[in-house]
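Please read the structure below before turning to the comments.
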Amino acid sequence: MSTTREPPQPAWSSGDLRRCTARSCLGPNVTSIHRSVLLLATGPSRFSVFHTAGFFPLYVSTTDEDAAALFNQSASGIWFPVDHFWDLPFVDFAADLIALDVAPFVSNRTMLSEVLTETVRMLAQLGVLFLLGGEEFPNLALEQLGAAKQLEPGAMRQSFVRKLGLVPDLPTCPNCGMTPMMGQRHQRPSPQNLCQAWVQPDYLSIFDPEVRGKFEASSESWELQRLRLWHRPNVLDSREEVKNWVKKVSTSDRAWYNDNYVSSEPNKREWRFSQLITEGKVKRLLDAGAGSCTLEGTLRRQRLLSKLDVYLAFGAYDCSMLRICAERGALSFQQNWLKQMPICASCKFDLIFQVEGLHHNKDVEAHGLFLQNMLSHLACGGLLYVQDGFGPWVEMFHQALTSQHDYKVKVKQQLKDDFYIHRLC
């Protein structure tokens, strides 16, 4: 078996992370199980190590230009302006690893404090944070932040490990600390409003020795074992004293919930495009309305993720759904598809996949906004596939489709409740 941690490496400066090419150079705190990686404000170049086997990286850039440069290097990502980094669309404990370049924030002490607090909120229990840039300033800021209470020094210079559980004398963040899809953050994480992500008492981290010890070196990869071995109760109480979507659904129909949302063998039944990936016809995929990341799990099991240059996922009912993604080692961000996407303007996808979500669009105008946002990121010759149960949405969607004139498309239907929309250029 082994999840034995790799022997310690010599201390390194933060710049060495950019030159690292193997998991072993990340230090002993990063195990074979650590998978999901958020790279925050790290510039236009990708980090080679996080594109090796077993990692699932997502970049959050500060400019459209950086996001485009990364996309052209086959790196998945989104972008927000610097002053938005205190409010990122990821759930609590979203990422196993986070690399944050503090250089864009060091000139504004308050902003840096807010960004560091937000970063720790998104870091998994026993996850590892790497700080880049400003070699001395971040440590000084950390000492003055409530966020520092949740961290302990890592084995490598400028690295930190997220502690298990709640720390004393720090209130919990309301509403799982993340902006709701249709609303705004309840409070800004200023020095006067420091808080920590809620952790339910029976939470069991995938990196806890009790769980980690169940992983075995075998023909089944660490990534596939991750789908099976994460602790299912972790997502039932993702918000303090609030009954979340997962709690409601798992109570009302346990079998359906287990099969469709937390299965050890995720299977997106509506997915029918594996051959296009195998043949190299789809290299960039956008999962619109990813939910609990079942499609990502399906592609992981089919060993197709490595054949994609870019895979990006967004959208869920609430935090508890996104927490399923996090437990599985996948990354998905929260986004209202009726609003402009945080994706670089020139970033185009070969396939945009959406199922079981369009009935939430209440009128023709809403369907039109959805189409505008999706088609603007669909490549020439690319396919937008949508499907939902037959209902009023079909006629409204058809009206929106025929009335939009910004993009030339070819449409066909195989069933009453699906549309294959090819963009023509």
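The values are calculated or read from the model by the stated rules, or taken from the named source; none is laboratory data. Everything numeric here is computed off the predicted structure, so don't read it as measured data. Using ideal geometry, Cβ is built from the backbone for each residue, glycine included, and neighbour counts are taken over all protein chains shown. Please note that ligands, DNA and RNA were not included when accessible areas were found on the heavy atoms of the full protein model with its side chains. Shrake-Rupley method; radii C 1.70, N 1.55, O 1.52, S 1.80 Å.
Read through the list (1) open to solvent by 30 Å² or more (accessible area, probe 1.4 Å); (2) in contact with a strand residue (DSSP E or B) (Cβ under 9 Å, 6 or more places away or on another chain); (3) outside any loop (DSSP other than H, G, I, E, B), then give the number of the only condition that E296 fails.
(1)
Is it true that L70 is in contact with a Gly (Cβ under 9 Å, 6 or more places away or on another chain) and in contact (Cβ under 8 Å) with a residue 60 or more places away in the chain?
No: the conditions fail for L70.
For residues in the stretch 383-403 being more than 15 Å from V364 (Cα to Cα) and not hydrophobic (A, V, I, L, M, F, W, C), which is most open to solvent (accessible area, probe 1.4 Å)?
The first filter runs over the stretch 383-403 and keeps only residues more than 15 Å from V364 (Cα to Cα), leaving 383-390.
Okay, now just the ones that are also not hydrophobic (A, V, I, L, M, F, W, C), so 385, 387-389.
Values: Y385: 0, Q387: 25, D388: 11, G389: 42 Å².
Only one residue tops the list, namely G389.
With the condition kept exactly as written, say whether any residue in the stretch 73-82 is in contact with a Gly (Cβ under 8 Å, 6 or more places away or on another chain), of a type outside the set (S, T, N, Q) and buried (at least 23 other Cβ atoms within 10 Å of the Cβ).
No: the stretch 73-82 contains no residue that is in contact with a Gly (Cβ under 8 Å, 6 or more places away or on another chain), of a type outside the set (S, T, N, Q) and buried (at least 23 other Cβ atoms within 10 Å of the Cβ).
For the stretch 347-379, which residues satisfy the criterion of being out of contact with any strand residue (DSSP E or B) (no Cβ under 6 Å at 6 or more places or on another chain), open to solvent by 40 Å² or more (accessible area, probe 1.4 Å) and closer than 21 Å to L276 by Cβ?
Passing the criteria: only E356.
Given the conditions (1) crowded, with 23+ Cβ neighbours inside 10 Å; (2) over 21 Å from the mean Cα position of the chain (by Cα), and given that C319 satisfies all but one, which numbered condition is not satisfied?
That leaves (2) as the condition not met.
For residues that are of a type in the set (A, V, I, L, M, F, W, C) and either in contact with a Leu (Cβ under 7 Å, 6 or more places away or on another chain) or open to solvent by 40 Å² or more (accessible area, probe 1.4 Å) (or both), scanning just the stretch 51-72, find the one that is farthest from S24 (Cα to Cα). Spell out how you get there, then give the answer.
Step one: list which residues in the stretch 51-72 are of a type in the set (A, V, I, L, M, F, W, C), which gives 53, 55-56, 58, 60, 67-71.
Those left that are additionally either in contact with a Leu (Cβ under 7 Å, 6 or more places away or on another chain) or open to solvent by 40 Å² or more (accessible area, probe 1.4 Å) (or both): 53, 56, 58, 60.
On the way: A53: 12, F56: 16, L58: 20, V60: 24 Å.
Among residues in the stretch 51-72 that are of a type in the set (A, V, I, L, M, F, W, C) and either in contact with a Leu (Cβ under 7 Å, 6 or more places away or on another chain) or open to solvent by 40 Å² or more (accessible area, probe 1.4 Å) (or both), the one farthest from S24 (Cα to Cα) is V60.
Those residues that are touching a Lys or Arg at 6+ places or on another chain (Cβ under 8 Å), more than 20 Å from W79 (Cβ to Cβ) and of a type outside the set (D, E), I need them from the stretch 332-354; list them, please.
Selection gives L351 alone.
Could you count how many residues in the stretch 404-425 are open to solvent by 10 Å² or more (accessible area, probe 1.4 Å), assigned to a strand (DSSP E or B) and of a type outside the set (S, T, Y)?
Quick first cut of the stretch 404-425, residues open to solvent by 10 Å² or more (accessible area, probe 1.4 Å) only: 404-417, 420, 422-425.
Those still in the list that are assigned to a strand (DSSP E or B) too: 408-412, 420, 422-424.
From the residues that got through so far, the ones that are of a type outside the set (S, T, Y) too are 408-412, 422-424.
Residues flagged as open to solvent by 10 Å² or more (accessible area, probe 1.4 Å), assigned to a strand (DSSP E or B) and of a type outside the set (S, T, Y) within the stretch 404-425 amount to 8.
For residues that are open to solvent by less than 10 Å² (accessible area, probe 1.4 Å) and assigned to a loop (DSSP other than H, G, I, E, B), tally how many sit in the stretch 21-31.
Total satisfying the criteria: 3.
Could you figure out which of (1) buried (at least 24 other Cβ atoms within 10 Å of the Cβ); (2) over 29 Å from R212 (Cα atoms) isn't true of W337?
With (1) buried (at least 24 other Cβ atoms within 10 Å of the Cβ); (2) over 29 Å from R212 (Cα atoms) applied to W337, the lone miss is (1).
Within the set of pairs 6+ apart or on separate chains, which have a first residue in the stretch 150-167 that is acidic (D, E), a second that is part of a strand (DSSP E or B) and open to solvent by less than 20 Å² (accessible area, probe 1.4 Å), and C-beta atoms under 9 Å apart?
Close Cβ pairs satisfying both conditions: E152/V161; E152/R162.
From the set of residues in the stretch 86-136 that are of a type in the set (F, W, Y) and within 15 Å of the chain's Cα centre (by Cα), which is farthest from E152 (Cα to Cα)?
Here the answer is F90.
Quick one: in the stretch 94-113, of everything that is open to solvent by 10 Å² or more (accessible area, probe 1.4 Å) and either in contact with a strand residue (DSSP E or B) (Cβ under 6 Å, 6 or more places away or on another chain) or in a helix (DSSP H, G or I) (or both), which residue is farthest from G133 (Cα to Cα)?
T110
Examine the stretch 32-49 for a residue that is part of a helix (DSSP H, G or I) and modelled with pLDDT of 95 or more, and state whether such a residue exists.
Within the stretch 32-49 (the criterion being part of a helix (DSSP H, G or I) and modelled with pLDDT of 95 or more), the answer is yes, since at least one residue qualifies.
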